[in-house]
There are 2 protein chains.
Amino acid sequence: MPVFQEEASPEMLNREYGILEPRLPRLTPPPPHNPSGPLSDGAKHEVVVIGTGPAGMMLSLMLTRYGVSVLAVDKQTTRVISGHADGIQPRTLEILRQLGLADEIFRQGNPNYKIAFWNPKKGGGIERTAVTNDVTVPGRYPFKILLAAGRVVGILERQMVAYGGKAKRGVEMVRFRVMEEGEFPVEVVLREVQSGRVFTVYAKHLVGADGAHSKVRAGIGGEMIGESTDYLWGVVDAVVKTDFPDIRKRCAIHSDSGSIMCIPRERIENGKYLTRLYTQMESNVASPSSAFTNSNDPEEMKKSYERALAQRREVTLPRIFDQVAKTLKPFKLEVEKVDWWGAYQIGQRVSSKFVLKDKSGYERVLIMGDACHTHSPKAGQGMNVSMMDGYNLSWKLAHEILGLCPRGSLLPTYELERADVARQLIAFDTRFAGGFSRKIGVEVTHEEFFGTFREGGGFTSGCGIEYPPSALTLPTTNPLTLPTSADTALRPGRRLFSLPATQFAGEIKTHLHDILPANGVYQLLLLLPRTFKSPQTRNSWYRREEWVGAVLPDRYGGVGDHDTADVADTTTITRGGAIVSLIYPYLLYPLPRTLHSASTGAKVEWTDFPPIWRDRWWGNVLGVGGAGGYTPWGVDPEKGAVVVVRPDGVVGGVWDADEVREGGGVEAWVEGVMGARRGGSGGRGRGRGRGEARL
Amino acid sequence: MPVFQEEASPEMLNREYGILEPRLPRLTPPPPHNPSGPLSDGAKHEVVVIGTGPAGMMLSLMLTRYGVSVLAVDKQTTRVISGHADGIQPRTLEILRQLGLADEIFRQGNPNYKIAFWNPKKGGGIERTAVTNDVTVPGRYPFKILLAAGRVVGILERQMVAYGGKAKRGVEMVRFRVMEEGEFPVEVVLREVQSGRVFTVYAKHLVGADGAHSKVRAGIGGEMIGESTDYLWGVVDAVVKTDFPDIRKRCAIHSDSGSIMCIPRERIENGKYLTRLYTQMESNVASPSSAFTNSNDPEEMKKSYERALAQRREVTLPRIFDQVAKTLKPFKLEVEKVDWWGAYQIGQRVSSKFVLKDKSGYERVLIMGDACHTHSPKAGQGMNVSMMDGYNLSWKLAHEILGLCPRGSLLPTYELERADVARQLIAFDTRFAGGFSRKIGVEVTHEEFFGTFREGGGFTSGCGIEYPPSALTLPTTNPLTLPTSADTALRPGRRLFSLPATQFAGEIKTHLHDILPANGVYQLLLLLPRTFKSPQTRNSWYRREEWVGAVLPDRYGGVGDHDTADVADTTTITRGGAIVSLIYPYLLYPLPRTLHSASTGAKVEWTDFPPIWRDRWWGNVLGVGGAGGYTPWGVDPEKGAVVVVRPDGVVGGVWDADEVREGGGVEAWVEGVMGARRGGSGGRGRGRGRGEARL
């Protein structure tokens, strides 16, 4: 098309690198400006994060996306992070997909669909007892991704850079204290590792994501409660050649000579694939605590400690491979290249505290990830629970800091929800890792071990986690009248189960999760019944469509006020248009019947909905479901329902559709979480008196 | 997992940014080194590319990936490229997927599934006559992606940067000539647009991707042959509000007042979506050639030219919207923001020449994209045919330059294949764009127009293109005994139709295209029959498995010679291990029955294949197909077959499986395209005597 005449808008030039999610609105004063740089003495930051492993990087990325000022530091000077987790679970994948990162994870990582169980064979050697799906609960991804934690963190960090953020490496925390007053009451003393320079920064909140030996945890007085076992394990990442036929599946191998877990890992730079092998060391090597005597005699204590250390030192690479060779017989395994190896002792512990409050009772210091919970790597949980800690905390911190919720209403739910998960994690890991370490057929049966694996599927996949009731996850009027699985039901406290979806206006095939943005807003889904256009109910549904499309979003936002492009400081990437409401509405109808035939009457066009849906929310009218429409959710497609989803994808409340009205259940819930924003009239918020009055 | 002891390999540190595809091996001297920089006077480059639109950027990206030295220049000084194509067709998406770019395209672009036809309604206005799938041929993607060409080129260029390349902007070509001798016989005179500095570089090959007014085409003596019509069209990209119900579908709208094509486009930085509207201008505006009189009187010629110009100038933005409003009645359309607009005259032309040879008959200068063919934008072909020109040429140039084929064996097929496509494009566009411009029901019926759309589906999607026979796409012994569609059959000259696939070793669900790398190598697929393990045929299949797994790849490569990591100069991204064979083997078996039950006898483990498959090609043993196994390919799952696929994903040859042997049909074909590499003994190549002797 050689044009002879043309004219372009200037914005066209800035779009080549894509468009990022918009920031959350800010009703509080602008973020602090540090003219001498983020690491200058006296610099102020809304959040300081110590540690940039999976937990710290997820939190820092999300805060950066939301538009909160964050300083993330790590004492490591190299880019690579410590931590050797390697598994990404289905629920984590769902979230990474919503962040636009799953494709890169899929490209770099190795998917695992199956787990094989091998057990002692009569007459010697091992045999395959069972092969089953590694992921046993319904979810969008019926597999895990195996990929080194360092590469996962690299992927998170690259997106953080795209959004204008950057982690500072080679900076460690010396100490902190919470002062009695001030807008930035957390004083954090930091040190540059290489120069030794010590300086102080001030924060609204300090977050410790600094691992198992967390200094932040020590500072808040958290103690790790739990137990260590006697079992010593070796772990190695290697390129291997073997005739063991399940080497590219996750395997739980028990032989008379020991146990192995093998994990098929990602491709590395030589074009070959890693295998991770965990192997339990023989008991003559592996019993440090039995060598360790608790005594009042300091000399005896010292000797005992040295004996334990000496035993640990006996876990060497050749011994690990000896153990692997013995356990794997009659199969052979040859090592082409060792990428990494390590040794660890199994233990399960949870911190006694997650949070330190100031004297007003406001959460000022919080810990996440390994700083809160340590456990064995067997269930592939470390990186996931840590990233989800960060994901859970991020939007709550952001809403508090940006003034988008009643002050102090969200932060208490962090410990409530995540300490509960940590306790479940520890309980499951104790059973599962114990099963690995015990002799099959002697100390535990295959069936018992297999049962533990299957029962834990909801928890380990992340898809079955259910947060306890709180103001955020109210037990609500229950329109779930169809029988369904708890893993897919619309249940407050559980993640919204994604269904295949079709965007009505363009008949675009997609998935519900792909339509819901991960930009920190709430989402309201109005589930239309098949019969919503019937003469009897047409008017009441039209009113509900109007209320959720026009009234509610305006009450917690304002149309068009911030409707301008926004270019991040340090990049040329364009941010999307500002968020104009804290709650986005969606109209859903049940597939497979299309909306054209969903009514009892005439054909439906999307222009038949109230005009706001055509002008502002056209992309949010969606058919959902496969053969059963809403059935997996437990909602009767003849009745409909209404659902509010939290910014982290967790169902907040579920109601009968008649709660969609002034003064109904939906309004009460929304008022509870966003009430500070609500104005007296005309749908305009008045803010909290210390910033922009309209959202 | 807090480890108490660990040790890591140094390579771990460099993996955070992912691992890229390896370069092709090089049997010719190393690429030229230009100590004063790529734009210094006298600099040498293996390939110089003029123009960095979709054609030039695709070529430059692929050459960079393959490891060929390339200088890509564009006279534009801004990053944004000229050209306003906006459609990416299914076949192009398949290739972008193999390059690892489709996810980013999907993220930024808007998919289009449906096309709606609107026609004059009795009594005035318009009505919907039909809604149908926009993509009518089988392929992996049943949709197009709509995205501005500038953003598509940005995505290609970012990957080129990741691979260590970079396009130079603000540099135009002054002239070139092909000298009679030398290793770099193409002399190219360039000028920096801003400084005016003129300098000369030398290349093995010069490629013109410099658009409709190509200087390179002029330099090789190519003339644009074809016709212009009288129709003037306006085109506008805008954010609109409308009650026209199909605004988010592609629409062909004919009213009594004119024609519109509308295209639902991508989201832009204000969070809203663009719509592209093409509209035919009314005949009193739109007839420049009738205003233009061919005359011998210079004065009359000048006046006539001015009249034509004046008419063109009457295509203004307000007039375009006037025309849209008239055509769309009774629907209303309100414009929120105009992003770009232009005007053009429909014409269809093809260059008389694509190539300039040196006096030995070797192709030295080639043209691509709009430099070869111009046409209307209606069928959404411009960006696609251009990128595919670049994709077709890239591996042929690379194999020639790197010494991986008999000299001069591949380049002649570029013009043979792509000129044929250009002619089909022009023929189709003439019919289709004509149908748009004519009055429905008067000059053309809806059924005729609709028929043209449907018949063109194979060509416009890119999935039905078939290259003419040549040494690369031989008519071969035909094992396609089952009836099937030409669009899915394994037919020499057509693209390999991708089937769902399961990697046997890990039972990983994937798609065949996702397993086949886009790194410039050939792929041999041995299609096992269901019965391959039956006692009668077991031995002959085992021999074939061994021949394609061990003998053939070694003959055109060497195992382990280049088995080292390779870090690109300008980035920290790690390249994958070097390619050790120019032909990769794959063992396929038909799903849905798994390999475990595929034999007539015992259960099959992947370790039952010859050892080379376990040690070297474990990831290449795949079950393929949905309910019908090989049926879409036309291959009987009881018989099997063997297929060779070219580096661009086009089927080269298909044979009965008994051609898999020394001296068989497969060997003859491979010898023809890679013969230069073949050594006399032991599977070691001797090269061409001017470089590395072993591949």
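The values are calculated or read from the model by the stated rules, or taken from the named source; none is laboratory data. Just so we're clear, the structure is a prediction, and the values are computed from it rather than from any experiment. Cβ sites come from the backbone with ideal geometry, for glycine too, and all protein chains shown count toward neighbours. Quick note on the areas: whole protein, heavy atoms, side chains included, nothing else; ligands and nucleic acids left out. Shrake-Rupley method; radii C 1.70, N 1.55, O 1.52, S 1.80 Å.
Points worth noting:
- Segment B:293-427 shape via C-alpha gyration tensor axes, a/c threshold 1.5: oblate
- Between copies, the label points at B:Val131 (set 7 angstrom from Cα along Cα-to-Cβ) are spaced 4.4 nm, reported in nanometres from shortest to longest.
- Sites B:Lys326 and B:Tyr305, calculated FRET efficiency, Cβ-Cβ separation with R0 41 Å, nearest 0.05: 0.85
- Net charge dipole size for the protein assembly as shown [Lys, Arg +1 and Asp, Glu -1 on Cβ; Debye, nearest 20]: 280 debye
- Helix-only [θ]222 nm of the protein assembly as shown, DSSP H runs n ≥ 4, -39500 (n - 2.57) each, per residue, nearest 500: -7500 deg cm²/dmol
- Applying 1/(1 + (r/R0)^6) with R0 = 41 Å to the Cβ-Cβ distance of A:Glu638 and A:Lys337 gives a FRET efficiency near 0.10.
- Among beta bridges from DSSP that stay inside the protein assembly as shown, the antiparallel ones total about 75%.
- Shielding by partners - mean other protein chain Cβ count within 10 Å, residues of B:16-25: 4
- In segment A:325-342, burial by the other protein chains removes 40 Å² or more of 1.4 Å probe accessible surface, compared with the chain on its own, from A:Asp339, A:Trp340, A:Trp341.
- Between A:Ser352 and B:Val198, the simple label model (points 7 Å from Cα in the Cβ direction) yields a spacing of 8.4 nm.
- With Cα atoms, 0 to 90° folded angle of helix B:54-66 axis to chain B main axis: 20 degrees
- The B-A contact accounts for roughly 8500 square angstrom of buried accessible surface, both chains included, probe 1.4 angstrom.
- The fraction of accessible area contributed by carbon and sulfur in chain A is 50 percent, rounded to a whole number (1.4 Å probe; ligands and nucleic acids excluded).
- Heavy-atom accessible area per residue - chain B, 1.4 Å, Å²: 35 Å²
- Seen against the Cα atoms of chain A and their longest principal axis, helix A:149-162 is set at about 30 degrees.
- Taking Cα centre as origin and charging only the Cβ of basic (Lys, Arg, +1) and acidic (Asp, Glu, -1) residues, the dipole magnitude of segment A:354-472 rounds to 200 debye.
- Each other copy places its own label point for B:Gly42 at 5.8 nm from this one, sorted shortest first, where the point lies 7 Å along the Cα-to-beta carbon line.
- Listed residue (A:Gly221, B:Gly382, A:Phe453) projecting farthest to the positive dipole end of the protein assembly as shown, Cβ model: A:Phe453
- Identity and axial distance of the chain A residue whose Cβ lies nearest the axis relating A to B, Å: A:Asp103, 2
- Pair A:Ala130, B:His33: separation of 7 Å Cα→Cβ label points (nm): 6.2 nm
- Loop-located trypsin sites (Lys or Arg not before Pro) in segment B:425-494 whose Cβ has at most 11 other Cβ within 10 Å (DSSP): none
- Those lysines that a straight Cα-Cα span of less than 23 Å connects to B:Lys332, excepting residues fewer than 8 apart in one chain: A:Lys603, B:Lys114, B:Lys121, B:Lys122, B:Lys241, B:Lys249, B:Lys272, B:Lys439
- Between the beta carbons of B:Ile225 and B:Thr77, assuming R0 = 22 Å, the FRET efficiency works out to 0.10 to the nearest 0.05.
- Loop-resident trypsin sites (Lys or Arg not before Pro) (DSSP state other than H, G, I, E or B) in segment B:96-182 with no more than 10 further Cβ atoms inside 10 Å of their Cβ: B:Lys122.
- Per-residue shielding of B:145-158, expressed as the average number of other chain Cβ atoms within 10 Å of the residue Cβ, stands at 2.
- Between helix B:382-401 and chain B there is an angle of about 40 degrees, using the helix long axis and the longest principal axis of the Cα atoms.
- Sorted shortest first, the distances from the B:Arg197 label point to those of the same residue in the other copies are 3.7 nm; each point sits 7 Å from Cα along Cα-to-Cβ.
- Delta accessible area of at least 10 Å² on complex formation, residues of segment B:498-517, 1.4 Å probe, chain isolated as reference: B:Ala505, B:Gly506, B:Glu507, B:Ile508, B:Lys509
- Gyration tensor verdict on the protein assembly as shown (Cα atoms; rounded if a/c is under 1.5, prolate if a/b is larger than b/c, oblate otherwise): oblate
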